[in-house]
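Notes follow the structure.
The values are calculated or read from the model by the stated rules, or taken from the named source; none is laboratory data. The shown structure was predicted, so the numbers you read here are calculated from the model rather than taken from an experiment. Cβ atoms come from the backbone with ideal geometry, glycine included; neighbour counts cover every protein chain shown. Ligands, DNA and RNA are excluded from the accessible area calculation, which covers all protein heavy atoms including side chains. Shrake-Rupley method; radii C 1.70, N 1.55, O 1.52, S 1.80 Å.
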Amino acid sequence: MFADILKNSKCTVFFGGAGVSTESNIPDFRSSNGLYMAQNFYGHLPEELLGHTFFNKKPELFFQYYKQNLIHINAKPNVAHIALAKLEKAGFLSTVITQNIDGLHQAAGSVNVLELHGSNNRQYCISCGEKHDLQYILKPENCNGYIPKCKKCKNGTVRPDVVLYEEQLDPNVLQTATEAIATAECLIIGGTSLNVYPAAGLLQYFHGNKIVLINKSETAYDKHADIVIHENIGTVLSNIVEQLKL
């Protein structure tokens, strides 16, 4: 039935969260293990450590936590990322909207990707705006302790181009994502508990025909979906790719 929905849909959008990347061994920092580590090793909850206020007041601890917990340079796209890229290439998927910041959708070959929370592959100086890549902030010679410093202006802090707590989503990305969902005939929701706002609030703009929800655990949105699959998202999407003979 899922495959038939994709075949009959003229415009399908995928909306995904942390569960898409956990199969690439990228842990969800909101999980019980993530909360435990943040509280016990850093003395703060993730929402505080990754907040705009915390970044300004305690940048050393912010970057220590960020580098040790949100950067996974050895992570590779998993079967879910690869399946989504194949669906897009074959014309069964128009847009990937992700809450993740790891860039694995693009690494798998997806082209039309909207990153609601930015990407840790992009960095910029908060003083002069100079752009840097991820490797820049990982090199000790570019840092004062854990804090990356810009070599162009000699003093500015280089921060990840991600949306921290207390910050607003990029209005252009938000608008494009809203339009994509509003014009979709089919919406696939995968690997997200739909508890993170304002990202989860985008679903209110969907007025299409079918919703397919894939998540290991139940969500508050299950009752709105036409198909609910509480299984491993990589397995589900790989099976769909096989059924469509891609």
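For the stretch 137-190, the relative contact order comes to 16 percent (Cα pairs under 8 Å, sequence separation of at least 6). So how tilted is helix 233-243 from the main axis of the chain? Cα-based, degrees 0 to 90, rounded to 10. The angle comes out near 40 degrees.
What the Cα atoms of the chain give is an Rg and a Dmax of 18.7, 58 Å.
Using a Gaussian network model of the chain in which every pair of alpha carbons under 10 angstrom is joined by a spring, one finds that among Gly234, Gly19, Gly208 the greatest mean-square fluctuation is at Gly208. On the basis of the beta-carbon distance and an R0 of 41 Å, Lys151 and Tyr197 show a calculated FRET efficiency of 0.65. Rolling a 1.4 Å probe over the heavy atoms of the protein chains gives the stretch 86-132 an accessible area of 42 Å² per residue.
Here the accessible area of the stretch 190-246 is 44 percent carbon and sulfur, with a 1.4 angstrom probe and all protein chains present. Could you work out the local net charge near Ser94, counting Lys and Arg as +1, Asp and Glu as -1, over the other residues with Cβ closer than 13 Å to its Cβ? Overall, the nearby charge balance is -1.
Of Pro160, Pro77, Pro171, the residue with the greatest mean-square motion in the GNM of the chain, using alpha carbon springs below 10 Å, is Pro171. Over all directions, the projected convex hull of the C-alpha atoms in the stretch 1-133 averages 9.6 nm² in area.
Full extension of the chain between Ala107 and Glu166 yields a length gain of 18.4 nm, computed as 0.36 nm times the residue separation minus the alpha carbon distance. A simple count of charges around Tyr165, restricted to other residues whose Cβ falls under 10 Å of its Cβ and scoring Lys, Arg +1 and Asp, Glu -1, yields -4.
Helix 79-89: angle to the longest alpha-carbon principal axis of the chain, degrees 0 to 90, nearest 10? Helix 79-89 and the main axis of the chain meet at about 60 degrees.
Please give the FRET efficiency for His224 paired with Asn142, using the beta carbon to beta carbon distance and R0 = 35 Å, rounded to the nearest 0.05. Computed FRET efficiency for His224 and Asn142: 0.15. Computed over the stretch 150-191, the P(r) curve from all C-alpha pair distances, binned at 5 Å from the origin, holds 5, 16, 14, 16, 18, 12, 7, 5, 6, 2, 0 percent per bin.
Among beta bridges identified by DSSP and lying wholly in the chain, the antiparallel ones come to about 35 percent. As an exercise, find the ratio Rg/Rh for the stretch 111-209 from alpha-carbon atoms, using the Kirkwood inverse-distance average for Rh. Here Rg/Rh amounts to 1.10. In this view, the solvent-accessible surface of Asp133, computed with a 1.4 Å probe and all protein chains in place, comes to about 80 Å². Between Lys89, Lys67, Lys152, the GNM of the chain built on Cα springs shorter than 10 angstrom shows Lys152 fluctuating the most. Between the helical axis of 171-183 and the longest alpha-carbon principal axis of the chain there is an angle of about 10 degrees.
Of all lysines in the structure, those lying under 25 Å Cα to Cα from Lys149, and not within fewer than 8 positions of it along the same chain, are Lys57, Lys58, Lys67, Lys131, Lys139.
Model label points for Asn209 and Thr235, set 7 angstrom from Cα along the Cα-to-Cβ axis, are 2.9 nm apart.
Projecting label points 7 angstrom from Cα along Cα→Cβ for Lys89 and Glu47 puts them 4.1 nm apart. DSSP beta bridges confined to the stretch 136-246 are antiparallel in about 25 percent of cases.
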